[in-house]
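A.B. asks: One structure follows; several queries about it will come next.
The values are calculated or read from the model by the stated rules, or taken from the named source; none is laboratory data. This structure is a prediction, so every number in the text was calculated from the model and none was measured. For neighbour counting, all protein chains shown are included, and Cβ atoms are generated from backbone atoms with ideal geometry for every residue, glycine included. Heavy atoms of the whole protein, side chains included, go into the accessibility calculation; ligands, DNA and RNA do not. Shrake-Rupley method; radii C 1.70, N 1.55, O 1.52, S 1.80 Å.
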Amino acid sequence: MKLSRRTFLGSTAAMLALPNFGNAAVNRLTASEISAQILPSGQPQTDMLGFNGVSPGPEIRVKQGEAVRVQFQNSLQEGSAIHWHGIRLNNAMDGVPVMTQDLVNPGDTFDYSFTPPDAGTYWYHSHYISYEQVARGLYGPLIVEEQSPPDVDHDITAVIDDWRVERNGQLDDDFGNRHDMSHGGRMGNFARAILSKTQVQAGDRIRLRMINAATARVFPIKLNGLEGNVVALDGMAVSQPLPLSNLVLAPAQRMDVIVDVVGTPEIVFASRDGDYLLRSLSVEGTNTERTKSDIPALPQPDLTKPNLKGAQKLTMKLQGGAMGRRHGGDDLWALNDVSGLPSKPFGSFKAGETALITLVNDSSFPHGMHLHGHHFQEVNSDGSLGNYRDTTLVEARQSQIIACVFDNPGRWLFHCHMLGHQAAGMKTWVAVA
Ligand code: C2O
Ligand code: CU
């Protein structure tokens, strides 16, 4: 197989003998340089960063209400810190160097401990030089199970990513490329889904938890050989089950589906150049026990309802990039004319206060805007409240209103999860007291 960008990402890459990740109780995460078989077997290994020797790092799995206690050991040559993406946790555990904790220097450790209040699909990742450390592989899944999980035969996690790989199997190391940063971000030339389990039976019911760990790529997803519904977005149960059509995963977003195996299951990246297989499951045997029944729904999230009448109204302009208009910031990207963290927060809220924030994308690229420590609701075009998210995709030249109850005290980042955009100015913060 030739590793040119077109053939590599444009055609069906062989997907044989790829590693899976395990799931044992995790109480220590050691970040280090690793070597991994990212490319199909027979191709060279790739030097990356990982946790406990692997990338994605080990799956952390707890029950709702159960504590996560992890000692982070930094065995890298540079600082780092772990952010628990999407978890509504104590500010001090949020893993943002300087803002919520000191940088964890090489050789040092940091103890994280929090109890996730919500069941769902989350992930953890480095929050230091993240456009490089995440692109090199410093992330892993964090699963919080419902007290009584839905009845399925398999609960499978799929971490989706793309990598920019050279012919020798090594990652292109130009992570800070300003051309990438001023456009859509660093796109890989090789993409795949890494699954916790790959073998099923015909007729099985699967809960599939998809996580987009890519630093820039928005994945339109098609699921073949599977029938069912989307049951959760960004960890939170959707208010109504959604059909399996027009599935989109922006960077950092998650999507849970509950599906029945009706053919050969395939997770497909519906790219503009055609379908690109991210991973298939192998089907052996038939499940004769399972009888036909409706796809179960998940318990609804238990979050404070917004008070829209008394809401504080704010506007956030997403500015900059190639083919963008002038803005007042001093870097490639800006939010309300400021590049990088402003000294004053974008918003200040009394704990429990509702805000309606209009995100106006005044640029030529999509942005996946992520708020730390909270989930918000996307407001539909008819004004009704949509599903909960922690990362919302705002397409080029479009706007998205979000409603958020700021009930978690602390200083929280709000930034683009196209991580090169974040590094080049697209970040701000809010204060909740
Ligand atoms: Cu998943 Cu501030 O990031
Ligand atoms: Cu962006």
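A.B. asks: Check region 107-127 and report whether any residue there is within 11 Å of ligand 1 (Cβ to nearest atom), buried (at least 20 other Cβ atoms within 10 Å of the Cβ) and outside any strand (DSSP E or B).
C.D. replies: Here is the first cut: in region 107-127, the ones within 11 Å of ligand 1 (Cβ to nearest atom) are 122-127.
Retained after the next criterion (residues that are buried (at least 20 other Cβ atoms within 10 Å of the Cβ)): 122-127.
Next cut, outside any strand (DSSP E or B) only: 127.
Yes, some residue in region 107-127 is within 11 Å of ligand 1 (Cβ to nearest atom), buried (at least 20 other Cβ atoms within 10 Å of the Cβ) and outside any strand (DSSP E or B).
A.B. asks: For a quick check of your reading of the model, give me the residue pairs whose first member lies in region 407-424 and is in the same structural domain as Phe349 (by TED's automatic domain parsing), whose second is open to solvent by 20 Å² or more (accessible area, probe 1.4 Å) and within 9 Å of ligand 1 (Cβ to nearest atom), with beta-carbon atoms closer than 6 Å and at least 6 apart or on different chains.
C.D. replies: What qualifies is His415/Lys427.
A.B. asks: A follow-up question, please. Provide a single number: the residues in region 291-323 that are farther than 30 Å from Arg205 by Cβ and open to solvent by less than 30 Å² (accessible area, probe 1.4 Å).
C.D. replies: Filtering region 291-323 for residues farther than 30 Å from Arg205 by Cβ gives 304-323.
Next, only the ones that are open to solvent by less than 30 Å² (accessible area, probe 1.4 Å) stay: 306, 311, 316, 318-322.
Residues meeting the conditions: 8.
A.B. asks: So which residues in region 345-367 are under 18 Å from Asp94 (Cβ atoms) and within 16 Å of ligand 2 (Cβ to nearest atom), if there are any at all?
C.D. replies: Result: Phe346, single match.
A.B. asks: Now a separate question. Give me the pairs, please: first residue somewhere in region 368-379 and within 16 Å of ligand 2 (Cβ to nearest atom), second residue anywhere and among the hydroxyl-bearing types (Ser, Thr, Tyr) and part of a strand (DSSP E or B), beta-carbon distance under 6 Å, and either six or more positions apart or on two chains.
C.D. replies: Gly368/Thr391; Met369/Thr392; His370/Thr391
A.B. asks: Which of (1) within 16 Å of ligand 1 (Cβ to nearest atom); (2) touching a residue at least 40 places away in the same chain (Cβ under 8 Å); (3) crowded, with 18+ Cβ neighbours inside 10 Å; (4) on the phi < 0 side of the Ramachandran plot does Gly329 not meet, given it meets every other one?
C.D. replies: (1)
A.B. asks: Under the condition of being surrounded by 16 or more Cβ atoms within 10 Å (Cβ to Cβ) and under 19 Å from Asn189 (Cβ atoms), which residue from region 16-46 is modelled with the highest pLDDT?
C.D. replies: Thr46
A.B. asks: Every residue in region 291-326 that is in a loop (DSSP other than H, G, I, E, B), touching a residue at least 60 places away in the same chain (Cβ under 8 Å) and either within 16 Å of ligand 1 (Cβ to nearest atom) or β-branched (Val, Ile, Thr) (or both), please.
C.D. replies: Once the filter is applied, which keeps residues that are in a loop (DSSP other than H, G, I, E, B), touching a residue at least 60 places away in the same chain (Cβ under 8 Å) and either within 16 Å of ligand 1 (Cβ to nearest atom) or β-branched (Val, Ile, Thr) (or both), region 291-326 yields Ile295, Thr304.
A.B. asks: If Phe219 satisfies every condition in (1) within 20 Å of His367 (Cα to Cα); (2) crowded, with 24+ Cβ neighbours inside 10 Å; (3) in contact with a Lys or Arg (Cβ under 8 Å, 6 or more places away or on another chain) but one, which is the exception?
C.D. replies: (3)
A.B. asks: Please specify each residue of region 231-290 satisfying the condition of being touching a His at 6+ places or on another chain (Cβ under 7 Å) and not in a loop (DSSP other than H, G, I, E, B).
C.D. replies: Met236
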